[in-house]
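The values are calculated or read from the model by the stated rules, or taken from the named source; none is laboratory data. Remember, it's a predicted structure, so these values are computed and weren't measured experimentally. Ideal geometry is used to build each Cβ from the backbone, glycine not excepted, and the neighbour counts take in all protein chains shown. For the accessible areas, the whole protein counts, side chains as well, though only heavy atoms, and no ligand, DNA or RNA atoms are used. Shrake-Rupley method; radii C 1.70, N 1.55, O 1.52, S 1.80 Å.
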Amino acid sequence: MHARLTYPLVAAAMLGGLAVRAAAQQPAAPAPQVTVSGVAYLQYVYQLKDTANHNNNFDVTRAYINVIGRFSGGVYTRITVDVNRPPAVTTDNSLRYRLKYAYAAYTPQGSSLTYKLGQIHTPFIDWEEAVWDYRMQGQMAMERGGYLSSSDFGLGVDGNWNADKVNMQVGIYNGESYSGGTGDKRKDLMGRVSVRVSETDDASRVGGLRVTAYGHYGKPTTGGIRSRLLGMVSYRSKQITLAGEYAITRDSVTAGVKNPGSVASVFGVYHFSNSKAAVLARVDVNDPNTNVANNRLTRFIGGASYQLSPNLRLLGDLDLLSYQGTPTPPQEATRSQFYFQAQFTF
């Protein structure tokens, strides 16, 4: 009697022990990781051509707060708040905050592709800013000219292969940018591909000698068309950055009318050996309609920076804008500026 009861009890205990041991051997799902970070751009500007008023001021041009979540199963989330100064159209000109990014991303295990949905990066501006690395100075040529935005509402796919030797991003967006609302039934298709043809000591996604192409086609809410074709060649090492790009644009608000434009930008950065100092220069040429005379804008940016600490960078620079035609008095007063700027991160 006792023997008949003992064998089942022993067997059950053994099976239970095996089950507990197997469960203990299985790797536990990683705990969710949520991080908070930020970056801010501070500046002092003096209007060199404003001989009447000698206008100058201090300002905080941008402050970004990022909340990023990393979860098991390849799930990634991000929310970025953008604090900025609104256009001076009301009596209250205090800084405001708005949403810059808010999206969920999914990378299948072992996949080179990441799928994103929400208010996401557009394919080119974030990439170009990473090459230039001085967003603190101001917007890039295509964004400053109103041709592209850094963020929009849409669905996108990012891809990279062979440690970013090939890097790709494509998406379908509302097309009116994150500050232009949701638009209507019309959508924009945007895509970028970048290939590293030679390596350098810069192992980042934008490092090395690269050839990049960007395409964009859509229809604005008002009708007509919106298209951009851009080519870029860039070289980036730990000491030197050199890049040049040229874009052909087409914009219209009615069907059949295509206003051709062009944008060219060349920039470079040199980091001194065994030093925290660097010098930089950039030239942007924007012709919004090549069929119209005297509307080309040429901007020169030149300055020097100093990395005071890993979290604080200082920059002194000149920003000089020239008009092909005759500038208005307000344009003349603000076309030549001296900046002292700072960027801090946490």
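Name the residue that is farthest from Leu99 (Cα to Cα), counting only residues in segment 49-60 that are surrounded by fewer than 17 Cβ atoms within 10 Å (Cβ to Cβ) and in contact (Cβ under 8 Å) with a residue 40 or more places away in the chain. Taking the candidates together, the pick is Ala52.
Among the aliphatic types (A, V, I, L, M), open to solvent by 20 Å² or more (accessible area, probe 1.4 Å) and either in contact with a Phe, Trp or Tyr (Cβ under 7 Å, 6 or more places away or on another chain) or modelled with pLDDT of 95 or more (or both), is that true of Val131? Here the answer is no, as Val131 does not meet what is asked. Considering segment 222-238 alone, what residues qualify as being open to solvent by less than 60 Å² (accessible area, probe 1.4 Å), closer than 26 Å to Ala163 by Cα and not in a strand (DSSP E or B)? Correct list: Ser237 only. Taking segment 239-253 as the range and being open to solvent by 30 Å² or more (accessible area, probe 1.4 Å) and of a type outside the set (S, T, N, Q) as the test, the residues that pass are Ile240, Leu242, Tyr246, Ile248, Arg250, Asp251, Val253.
Val83: surrounded by 17 or more Cβ atoms within 10 Å (Cβ to Cβ), touching a Lys or Arg at 6+ places or on another chain (Cβ under 8 Å), closer than 29 Å to Thr182 by Cα and not small (Gly, Ala, Ser), yes or no? Working first, answer last.
Working: surrounded by 17 or more Cβ atoms within 10 Å (Cβ to Cβ): yes; touching a Lys or Arg at 6+ places or on another chain (Cβ under 8 Å): yes; closer than 29 Å to Thr182 by Cα: yes; not small (Gly, Ala, Ser): yes.
Yes.
Name every residue in segment 134-156 that is crowded, with 16+ Cβ neighbours inside 10 Å, among the hydrophobic types (A, V, I, L, M, F, W, C) and farther than 21 Å from Tyr235 by Cβ, in order of residue number. Across segment 134-156, the qualifying residues are Met136, Leu148, Phe153. Which ones in segment 310-324 are open to solvent by 20 Å² or more (accessible area, probe 1.4 Å) and among the charged types (D, E, K, R)? Across segment 310-324, the qualifying residue is only Arg313. The sole residue among Phe300, Phe272, Phe267 that is touching a strand residue (DSSP E or B) at 6+ places or on another chain (Cβ under 8 Å), among the aromatic types (Phe, Trp, Tyr), closer than 30 Å to Arg205 by Cα and exposed (fewer than 14 other Cβ atoms within 10 Å of the Cβ) is Phe272. Restricting segment 278-301 to residues that are in contact with an Asp or Glu (Cβ under 6 Å, 6 or more places away or on another chain) and modelled with pLDDT of 95 or more, which is nearest to Thr249 (Cα to Cα)? This residue is Arg299. Tell me yes or no: at least one residue of segment 206-221 is within 18 Å of the chain's Cα centre (by Cα), under 18 Å from Met140 (Cβ atoms) and assigned to a loop (DSSP other than H, G, I, E, B). Yes, because at least one residue in segment 206-221 is within 18 Å of the chain's Cα centre (by Cα), under 18 Å from Met140 (Cβ atoms) and assigned to a loop (DSSP other than H, G, I, E, B).
Mind checking whether some residue in segment 184-193 is touching a strand residue (DSSP E or B) at 6+ places or on another chain (Cβ under 7 Å), surrounded by fewer than 16 Cβ atoms within 10 Å (Cβ to Cβ), over 24 Å from Arg296 (Cβ atoms) and at pLDDT 95 or above? There is at least one residue in segment 184-193 that is touching a strand residue (DSSP E or B) at 6+ places or on another chain (Cβ under 7 Å), surrounded by fewer than 16 Cβ atoms within 10 Å (Cβ to Cβ), over 24 Å from Arg296 (Cβ atoms) and at pLDDT 95 or above. With respect to (1) assigned to a loop (DSSP other than H, G, I, E, B); (2) open to solvent by 50 Å² or more (accessible area, probe 1.4 Å), the lone exception for Val283 is condition (1).
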